[in-house]
Amino acid sequence: MKLELSRRDLFLAGGGAVAGIALSPVPWKLLDDLSIWTQQPPTPTPRPAGPLAFRFTSCALCPASCGLKARCFGAQPVGFAAVPGHPASDGGLCPLGLTAHHLAKHPLRANHPERVSGGKRERIDRAAATAALSAALAACGRDPKRTFAVVDGRPGRSLSRTYRALAAATGGLYVTPPAAGAALSLEALAKRFDGGALALGVDFSKARRVVSFGTPVLTDAGTPGLLARLRAESRRRPAAERIEVIQVEATRGRSAALADRYIPIAPGTEAAFALGLAHVLLDEKLADAAFLEARTTGLADFAALSARFAPALVEQKTGVGAGVVTALARDLAANRPALVLGGDPTAGPLSGETEAAIAALNLLLGAPFGALPVRSEAPRETDGDAKLAAATSLDALPDGSVGFLLLDATVAEGMVPWARLERALAADALVVSFSPFRAGLGEKATLLIPGPAPLEESIELEGPADAPFATLAFAPALLSPPKDLALPEEILREAAEAAGLSLPAPAAGARSAALLAARRGRLYDPAAASFVAVGDVASPDALGELFARGACWVDDATPEPKGRFALLKDGEAPRLLETALGAPTALPASLASLPRVAVSAAPPSLLLTKLTRETALFSAPAAAIPTAARA
Amino acid sequence: MKLPAPVSFAVGLVPALAAGWLLFPRLLYRTEAQPLPFNHKAHTEGGMGCADCHAVAENGRFAGLPATEACAGCHAEKGDNAGINALVASYVEPGREVPWLVHARQPDNVYFPHAPHVTGDKLACARCHGPHGESTATKAYVVNRLSGYSRDIWGPSIARVGRKEWQGMKMSDCIQCHRAGGRESACLDCHK
Amino acid sequence: MHTSKHTTSLPAHRYTLVVDLDRCTGCGACGTACAVENNIPPAAEKATERTGTVWMRVHEAAAAGDGPSTFVPIPCQQCDNPPCVDVCPQRAIEYDPRTGIVAQIPVRCLGCRYCMVACPYHTRSFNWWTPEWPEGMKATLNPDVSIRTRGVVEKCNFCVQRLQAARAKASAAGQAEIDPADYVPACVEACPSRALSFGDAADEKGEVARLAKDPESFRLLAGLGTGPKVLYRSSDPAVRERLSRTGVTRG
């Protein structure tokens, strides 16, 4: 019997197979599993690295030293919120601070010492880095034409003390960056005081008119959002209590766009404009006569100078209508307290003469001790018997004189322009940076010895120089640095020892001891949202506990000192006249398109490309942001 | 001789059914070994409850599997049990977390809070996890090759028949219970 | 007040974001905090303002001449009568009848982008590229938010994961209702000038309900009848008039 198989059987068997598969789980289960498979995200959501906890610290990226409330899973921070009521920031945070936890793993992060020559980066070990440092230190001591210079962006830390000791031991220089933006205006004003050293801050809450010559008061200067908040709150109060901001600037930046009044002015003619306002104030007897009488000298000389700046001349120089100048002067006089600030920290300082004119205007308006309150510095340990170099300015660096330049990790390009530093370098100078990033000044180093990234070290942060009172924010580390990271302090001491230099022992806990000894001010505990007086802190251990909780010290009010301000200093009049009568200058180039990037030593997080590329608010991407998200 | 049509049909049907019901599940799933043996019963018999290791925190978050630190609270040193010795040697001493394979792990976009179920509605752990606490050995982790999730999500029966109420953790299983309790709600209650 | 066609009555909670335009400085903190919280990746290499994924975008509404600009942060307006819901062929958008939140379910989305066309506020983003983070940055992602894939639409969900967490916390404490302090979206927490506030408009005694009745409050494109639950405030009548009538055009 022969089995005859036909095509029909094949079809039937095929049909049976299809029916069998259809009656089996295959199609339905495959459909279900495949649909789940299509939902797999390209990057799996990370599992929590531990239980959820909130930890407090402070942001070290710019001088504002804002409080940070970190949302952490285990040891991993995943986001930040502001700390309402924090004495340094009062609940402000900017995009840089909100992404601070990305920086430790930034694609431009360097984890090992690198020697850079001819554009090539060569990884070296710690011993080689130390040897290079010690050889350079030894050489600096021998050759007077090749000095050692160190630039420190955040003076007052224990590392700063080591820098100063090194500078003293090698006959080198310890350089701190100049005051920038509004702090420079305050410094210029304080230098005219004859009653001893004076520091002034800005208290926007006491002002009713804020005139800004290019300082981004509403956006990027000082505590984020502070003036904008105070101004908005004042708008719902009676007209006589309202705060108004007048921005006098050549370009219409974001602060100018937000100001109540924006006065476009020819660049470099700010001095003429300020003197024009002074002229109207004096001419119409609108100045604060009581303050001028009690607190200033040289009114007659200054009046003679400002008398030359009638509104018509000011219009010709600055391009601002004479009527606008007169009206503004009258408005300021009628709405005191008024204060005047100048200089954009991201675009270079105003000239000293312009700052002199701004200082005089502040005096005519009686701003000092009211809207510009006197403040003290946070307590610091004394130098004791240690041989420590005093801070000097960049001007102390002659061209071609520096054989070994050491750049601290806190020095931002916006604080000290690289062109200025480069001029000071001798041929074949060693440029060492402790920056943890191959970016900013870290990129200029011939020897990069990366230190801890932001949030990787516990430090104390002094608040900005233009805050109304001194603050000292404690910033406990949230992240642990890479295991074999060389700490600047350690490596410097090793190198100094190898070079035969003796340094004073590190003053561990000296700052805390100084704070306790001064018995001044209060400490804000962010976790409890409450203050404790320094006098009530029992011991250094109790202070250390507050430190670990991210506390912030805030100073008491400083009593008003006796003394007078000089409206005009000796020999200042001709220079001031020359500047104010001079021709407009070119527009200053702004360094950064993103807020605060220029004053931060760290490159911005890649996430800020959301702002630079995906919104129209910020201009072309900052150079420090790599184009590709891939590391 | 010609084959009768039903026979020809059956020649295709029967192997297909066999393949679909018997072979396919074997191909679809693979078994992975757990990193350590674990005896739940030995722990619960010692008087421990589920929540001693798998607790809901005060902030409502479920801790999931205990960290190695919690294990080390009792098992800091080696003894005469091979499993404990492996735990101590491989995880407690080097301070590593045990990479357990979790039978109940849900897809990324699922948000399952234990607090409303366990604390709020007082559901017993066994309602969804079965008599897991009585197991004396780690159950083999059977994983779906396509979706990447444990077979426990689908349930032991490929046809999903004859399941006990705790067998199966698919969205339809969640919905069934929610619907029965009149708790049907919005997508984002259970998705993220 | 609008009655939604998706529910028979207004929801029990009406979570509402209040934006005080007098305070906004356009600093971008809200959008940055949003991207951190919601696992939104850095901009892709070719991303532009039109193709990027931004849930909270700040627009500059310039006044004529040198007058002050108004910066307007625009997230999903969480409409009570959302046009996006009706056009979705996948039912990937849902109006939550208990919270008023318009929920986007990215895994259901097939990427047709009808919703983006339907949304008059341009607050939806299409994922043109696979989201990518540098390796080290992945550890900083928020475990509470799942990552979306290329080819789907996403938008602001009012940080609903924080509502979920607040509910779990309430459950653990044996409470039926959440503590309002536990549910604050990331943008609100981040805003340095406190331009953003958040609350339940259904709470008649609450601050948001009071602000909703304030004459300084308005809604974008109020005439469309979408019933946004993002409330804008300005002390300038001209700004109120212009934005409630024309909104802010993109680009």
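Every number in this text was worked out from the coordinates using simple rules, so none of it is lab data. Note that this is a predicted model, so its numbers are computed, not measured. Glycine gets a Cβ as well: all are built from the backbone with ideal geometry, and neighbour counts include every protein chain shown.
Points to keep in mind about this one:
- The value of relative contact order for segment A:174-313, using C-alpha pairs under 8 Å at least six residues apart, is 16 percent.
- Listed residues C:LEU17, C:GLY111, C:SER193: farthest to the positive end of the dipole of chain C (Cβ charges): C:GLY111
- Net charge contributed by nearby residues that have their C-beta within less than 14 Å of A:PRO51 (K/R +1, D/E -1): +1
- Cut-off 15 Å (backbone N to label point 7 Å along Cα→Cβ of B:ASP52), residues of segment B:131-159: B:133-135
- Most fluctuating residue given options B:LEU146, B:LEU28, B:LEU87, as computed from a GNM of chain B linking Cα atoms under 10 Å: B:LEU146
- Within the listed set C:THR99, C:THR25, C:THR48, the Gaussian network model of chain C (springs between alpha-carbon atoms below 10 Å) gives the highest mean-square fluctuation for C:THR48.
- Average other protein chain Cβ within 10 Å of Cβ, residues B:103-115: 5
- Nearby aspartates and glutamates by direct alpha-carbon distance to B:LYS139 (threshold 17 angstrom, same-chain neighbours under 8 apart not counted): B:GLU32, B:ASP152
- Pairs of alpha carbons in chain B separated by more than 26 Å make up 47% of all such pairs.
- Inter-chain neighbour count for A:276-284: the average number of beta-carbon atoms from partner chains within 10 Å of each residue's beta-carbon is 0.
- Taking the Cα centre of the protein assembly as shown as origin and assigning +1 to Lys and Arg Cβ atoms and -1 to Asp and Glu Cβ atoms, the resulting dipole is close to 3360 debye.
- Scattering curve values for the protein assembly as shown, log₁₀ I(q)/I(0), Debye with Cα scatterers, q = 0.06, 0.07, 0.08 Å⁻¹: -0.56, -0.74, -0.93
- Note on A:97-108: average number of Cβ atoms from other chains within 10 Å of each residue's Cβ is 5.
- Helix-only CD estimate at 222 nm, as mean residue ellipticity for chain A, using -39500 (n - 2.57) per DSSP H run (n ≥ 4): -9500 deg cm²/dmol
- Net charge of Cβ neighbours under 10 Å - reference A:ALA371; Lys, Arg +1; Asp, Glu -1: +3
- A straight Cα-to-Cα reach below 18 Å connects A:LYS285 with the aspartates and glutamates A:GLU293, A:ASP301, A:ASP331, residues fewer than 8 places away in its own chain not being considered.
- Lys, Arg +1 and Asp, Glu -1 on Cβ, resulting dipole of segment C:15-246 about Cα centre, debye, nearest 20: 580 debye
- Which listed pairs, of A:LYS29/B:LYS170; B:LYS192/C:LYS155; A:LYS105/A:LYS483; A:LYS317/A:LYS569; A:LYS2/B:LYS2, have C-alpha distances above 18 Å, in listed order: A:LYS317/A:LYS569
- For B:PRO35, net neighbour charge (Lys/Arg +1, Asp/Glu -1) across residues whose Cβ lies under 12 Å away: -1
- On Cα atoms only, tilt of A:488-498 relative to the major axis of chain A in degrees: 80 degrees
- Between the listed residues B:VAL161, B:CYS125, B:PRO113, the Cα displaced farthest toward the positive end of the dipole of segment B:100-192, a dipole computed from Cβ unit charges relative to the Cα centre, is found at B:VAL161.
- Gaussian network model of chain B, Cα within-10 Å springs - most flexible of B:HIS114, B:HIS178, B:HIS40: B:HIS178
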